[in-house]
Amino acid sequence: MVQPKTIGADKTAAPKSPEERRHDLQVMVPLKHEIRKVEAFDATPANGVQEIITGDNSSFQFLRLARMVLKENGAANRSLGEEEAVYYVNRGQAKLTADGETHLLGKGDVLYVGINSEVTIAADGNCDVSEFKAVKCHTKYPVQLIRHIDIEGTELAADLGNRRPMSKRTVFKLVDKNVQANRLLFGDTYMANRGGVGSYPPHFHGPDGPHGLGANAKEEIYHFRCETDIEGDVPYVLQNCALPEEKVNVYAHIFDETAINVTPTYHDTIAPPSVDFMFTWCLASFTEGHRDWAEIYNKPGFANEW
């Protein structure tokens with residue numbers, strides 16, 4: 001198992017609107033000689049609550065992302081309608097109250113909160129919390145606490161990439177079959193090596209294959225944290241943005257504190273030799289209750305590369 005660790009500088013920036021957060025990447029598609037736009041979002045937090053991905057600044061049908069940075073004794077309130085959410089602590093400690101329950105969460109811990117709930121996030125010291133939501137949910141599930149340390153060393157900490165040492169990583173499935181939910185699956189991934197290859201082999205969460213996103217498909221957000229051991233360098237990773245029917249790979253540069261919509265494309269991630277990275281990932285199933293994390297379509301020829 002790859003041990004979780006803190007990656008990426010602790011940073012904040014000036015507040016931005018959701019429209020300012022969206023910045024399309026442009027990549028050249030080999031053979032087709034065309035430019036493809038890829039949905040990316042500046043996820044750098046600001047003090048207070050920041051909406052990062054919304055229904056208005058993205059093509060997501062179900063997934064949303066917000067970020068909260070709170071100083072000591074600070075608090076934020078969130079109201080969920082037909083929405084379920086997972087709250088993930090990026091830094092510090094946070095006290096979360098929902099449905100009459102209060103929990104103290106540390107780095108990497110998650111709280112699942114069901115529909116029609118009022119949520120209070122309070123800083124126990126300083127804290128940085130991500131809120132991943134799925135909208136259009138209709139079943140009320142209870143509040144559920146998932147501590148990262150309780151997942152470590154279990155079957156929900158999937159060690160992958162044994163066939164290719166540079167793709168060795170641990171995928172911590174924090175919200176999976178251990179949590180009752182409508183649409184959401186959630187976790188974080190840590191690499192074993194700098195210059196590693198994550199999400200390998202190239203895969204796509206439309207199990208019907210290259211013919212599109214059917215009823216059993218899932219939307220997905222990746223949120224990257226990157227760092228380099230070269231002083232003064234700006235760390236980045238290369239993210240595959242090829243469509244499932246394409247035989248070639250199409251890579252975009254993704255920098256620290258960037259969230260990206262990987263729904264319509266294959267995804268595997270390549271880091272330069274100097275770069276270490278981790279990412280949080282969140283899936284929302286198109287069909288409520290259809291939450292099979294392993295239901296994917298591998299790029300042809302890569303089926304045995306896990």
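The values are calculated or read from the model by the stated rules, or taken from the named source; none is laboratory data. Not measured: the values here are computed from a predicted model. Note that we place each Cβ from the backbone using ideal geometry, even for glycine, and neighbour counts take in every protein chain shown.
Annotations for the structure displayed:
- Qualifying residue in region 293-305 (condition: under 24 Å from residue 30 (Cα atoms), hydrophobic (A, V, I, L, M, F, W, C) and modelled with pLDDT of 95 or more): no
- Boolean, residue 116 is surrounded by fewer than 23 Cβ atoms within 10 Å (Cβ to Cβ) and more than 18 Å from residue 306 (Cα to Cα): yes
- Subset of region 239-259 (residues that are among the aromatic types (Phe, Trp, Tyr) and touching a residue at least 60 places away in the same chain (Cβ under 8 Å)): 251
- All conditions but one from (1) surrounded by fewer than 21 Cβ atoms within 10 Å (Cβ to Cβ); (2) over 22 Å from residue 98 (Cα atoms); (3) among the small types (Gly, Ala, Ser) apply to residue 122; the one that does not is (2).
- On the stretch given as region 35-54, residues that are under 20 Å from residue 263 (Cβ atoms) and of a type outside the set (Ser, Thr, Tyr) total 12.
- Yes/no for residue 17 being out of contact with any strand residue (DSSP E or B) (no Cβ under 6 Å at 6 or more places or on another chain), over 20 Å from residue 112 (Cβ atoms), surrounded by fewer than 12 Cβ atoms within 10 Å (Cβ to Cβ) and small (Gly, Ala, Ser): yes
- Criterion applied to 157, 134, 122 was being among the small types (Gly, Ala, Ser), touching a strand residue (DSSP E or B) at 6+ places or on another chain (Cβ under 6 Å) and under 30 Å from residue 274 (Cβ atoms), and the one residue passing it is 157.
- Failed condition for residue 171, given (1) surrounded by fewer than 15 Cβ atoms within 10 Å (Cβ to Cβ); (2) under 18 Å from residue 239 (Cβ atoms): (1)
- Sole exception among (1) of a type in the set (D, E, K, R); (2) in contact with a Leu (Cβ under 9 Å, 6 or more places away or on another chain); (3) closer than 18 Å to residue 66 by Cα for residue 147, by number: (3)
- Of the residues making up region 239-254, just one is in contact with a Lys or Arg (Cβ under 7 Å, 6 or more places away or on another chain) and buried (at least 22 other Cβ atoms within 10 Å of the Cβ), namely 241.
- Single residue of region 212-238 satisfying the filter (free of Cβ contacts under 8 Å to residues at least 60 places away in the same chain and outside any loop (DSSP other than H, G, I, E, B)) that is surrounded by the fewest Cβ atoms within 10 Å (Cβ to Cβ): 238
- Test: residue in region 195-208 that is surrounded by fewer than 18 Cβ atoms within 10 Å (Cβ to Cβ), in contact with a Ser or Thr (Cβ under 9 Å, 6 or more places away or on another chain) and not acidic (Asp, Glu): yes
- For region 91-106, a residue qualifies if it is in a loop (DSSP other than H, G, I, E, B) and closer than 28 Å to residue 286 by Cβ, and exactly one does: 99.
- Members of region 255-292 that are buried (at least 17 other Cβ atoms within 10 Å of the Cβ) and among the aromatic types (Phe, Trp, Tyr): 266, 277, 279, 281, 286
- Answer residue from region 77-111, given it is among the charged types (D, E, K, R) and more than 19 Å from the chain's Cα centre (by Cα) and is farthest from residue 150 (Cα to Cα) among those: 82
- Highlighted here are the strands (runs of 3 or more DSSP E) found entirely within region 241-302 that include at least 2 residues which are of a type in the set (A, V, I, L, M): 251-255, 258-261, 275-285.
- Residues being more than 19 Å from the chain's Cα centre (by Cα) and either closer than 13 Å to residue 268 by Cβ or at pLDDT 95 or above (or both) - total across region 194-229: 4
- For residue 99, the criteria (1) under 18 Å from residue 134 (Cβ atoms); (2) surrounded by fewer than 16 Cβ atoms within 10 Å (Cβ to Cβ); (3) touching a residue at least 60 places away in the same chain (Cβ under 8 Å) hold in every case but one, which is (3).
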